[in-house]
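Note sheet for the following structure.
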Amino acid sequence: VRIAVEPTAADCLYRSLVAGEMVSVPGPHDSIMAGMNCGTLSMVAWPAMRDRFDWCVTIENDAAADAMRALAAEGLVVGETGAASVGALLAVAAEQGDLAGLGLGADATVVCVCTEGATDPVNYEAIVGKAPSEV
């Protein structure tokens with residue numbers, strides 16, 4: 001199962017997958033997940049995204065922040081956008097009670113791609129409660 005994630009406030013991939021064609025989302029796009037905080041997909045990336053994802057999950061800022069804190073507790077410095085994959089997994093599990101609705105059973109192996117470190121150290125510390133160097 002291949003799952004994409006993006007901010008709820010900038011869910012152009014989700015809306016495009018539902019529509020079967022590229023859809024732009026008007027702003028404001030005010031997510032802390034700055035790397036995904038856009039309202040229009042890349043025309044180059046759209047065909048691959050359309051054909052390769054089984055699901056798309058949208059998350060609120062709180063889910064990304066929760067994931068940042070959980071990753072920091074494990075000694076991993078991951079920023080807002082990078083933590084989105086873990087945030088999505090945790091949000092779906094919390095909402096549904098498990099991940100069976102995504103086809104993920106107890107024996108599933110899940111790989112969350114974390115794409116960045118603390119690109120905004122001030123915001124990272126505000127969210128996690130520690131500077132990146134302290135994690």
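Each residue in the stretch 43-72 was checked for being surrounded by 11 or more Cβ atoms within 10 Å (Cβ to Cβ), in a loop (DSSP other than H, G, I, E, B) and over 11 Å from the mean Cα position of the chain (by Cα), and 2 pass. For the stretch 73-88, a residue qualifies if it is open to solvent by 20 Å² or more (accessible area, probe 1.4 Å), under 23 Å from ASP30 (Cα atoms), of a type in the set (A, V, I, L, M, F, W, C) and in contact (Cβ under 8 Å) with a residue 40 or more places away in the chain, and exactly one does: VAL77.
Cβ-Cβ distances below 8 Å connect the following pairs, each with a first residue in the stretch 92-107 that is within 11 Å of VAL57 (Cβ to Cβ) and modelled with pLDDT of 80 or more, a second residue that is open to solvent by 40 Å² or more (accessible area, probe 1.4 Å) and assigned to a helix (DSSP H, G or I), and a separation of six or more residues or different chains: VAL92/GLY101. Residues in the stretch 14-42 that are part of a loop (DSSP other than H, G, I, E, B) and over 30 Å from ILE127 (Cα atoms): GLY20, GLU21, MET22, VAL23. Once the stretch 2-22 is narrowed to residues that are under 12 Å from TRP55 (Cα atoms), among the hydrophobic types (A, V, I, L, M, F, W, C) and without any contact (Cβ under 8 Å) to a residue 60 or more places away in the chain, the residue that is surrounded by the fewest Cβ atoms within 10 Å (Cβ to Cβ) is VAL18.
The values are calculated or read from the model by the stated rules, or taken from the named source; none is laboratory data. Predicted model only: the values in this text are computed from it and were never measured. FYI the Cβ positions are ideal-geometry reconstructions off the backbone, even for glycines, and counts take in every protein chain you see. Surface areas here come from the heavy atoms of the whole protein model, side chains and all, with no ligands, DNA or RNA. Shrake-Rupley method; radii C 1.70, N 1.55, O 1.52, S 1.80 Å.
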